[in-house]
Amino acid sequence: MRDYPGSVFLADCPARLAIEIIADKWAVVVLFALSREPCRHGELIDLIGGISRKVLTQTLRRLQGYGLVDRHVDAGKVEYALTDLGRTLVRPIAVLTEWAHEHGVAVAGFQESKPD
């Protein structure tokens with residue numbers, strides 16, 4: 001395991017910010033969706049199953065506040081795209097996605113086998 005200055009146990013550790021961002025399931029899904037190409041709000045709704053318009057709007061605003069997503073308005077059409085900083089999260093999210101594909105069945109099986 002790599003050593004980093006400071007500790008994730010400290011309140012001001014930068015790792016906590018990263019954890020705060022990726023702990024929001026919709027943030028990760030939206031970032032990954034935008035990694036393909038810029039999208040309009042309605043396109044994201046169609047692409048991301050189960051997210052409401054309100055939650056998508058809140059998530060996009062939060063990601064804009066972190067500097068990860070940019071909002072562009074052109075001829076009255078709004079489009080969202082990853083910023084350069086946002087693109088730096090694509091690979092870590094892909095690694096988590098790969099882990100889920102490899103181990104998700106095992107986790108689900110364990111949860112199902114546990115007595116209540």
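Checking the structure you have, find out if any residue of the range 64-82 is of a type in the set (S, T, N, Q) and open to solvent by 70 Å² or more (accessible area, probe 1.4 Å).
Scanning the range 64-82 turns up no residue that is of a type in the set (S, T, N, Q) and open to solvent by 70 Å² or more (accessible area, probe 1.4 Å).
How do the pairs read when you match residues in the range 73-96 that are over 11 Å from R40 (Cβ atoms) with residues anywhere that are of a type in the set (A, V, I, L, M, F, W, C) and assigned to a strand (DSSP E or B), using Cβ under 7 Å and keeping only pairs 6 or more apart or on different chains?
L82/V69; T83/V69; G86/V69
Of L85, L60, which residue is surrounded by 10 or more Cβ atoms within 10 Å (Cβ to Cβ), in contact with a His (Cβ under 9 Å, 6 or more places away or on another chain) and part of a helix (DSSP H, G or I)?
L60
Would you check if R53 is in contact with a His (Cβ under 9 Å, 6 or more places away or on another chain) and among the charged types (D, E, K, R)?
yes
Open to solvent by less than 50 Å² (accessible area, probe 1.4 Å) and either outside any strand (DSSP E or B) or acidic (D, E) (or both), is that true of L34? Can you show your working first?
Working: open to solvent by less than 50 Å² (accessible area, probe 1.4 Å): yes; either outside any strand (DSSP E or B) or acidic (D, E) (or both): yes.
Taking the combined requirement at face value, the residue satisfies it.
Just to be sure before I move on: is D46 open to solvent by 100 Å² or more (accessible area, probe 1.4 Å) and not aliphatic (A, V, I, L, M) in the structure I sent?
Criteria met by D46.
The values are calculated or read from the model by the stated rules, or taken from the named source; none is laboratory data. Keep in mind that what you see is a predicted model, and the values were worked out from it rather than measured. A quick note on method: Cβ atoms are made from the backbone with ideal geometry, for glycine too, and the neighbour counts reach across all protein chains shown. With ligands, DNA and RNA removed, areas are computed over all heavy atoms of the protein, side chains included. Shrake-Rupley method; radii C 1.70, N 1.55, O 1.52, S 1.80 Å.
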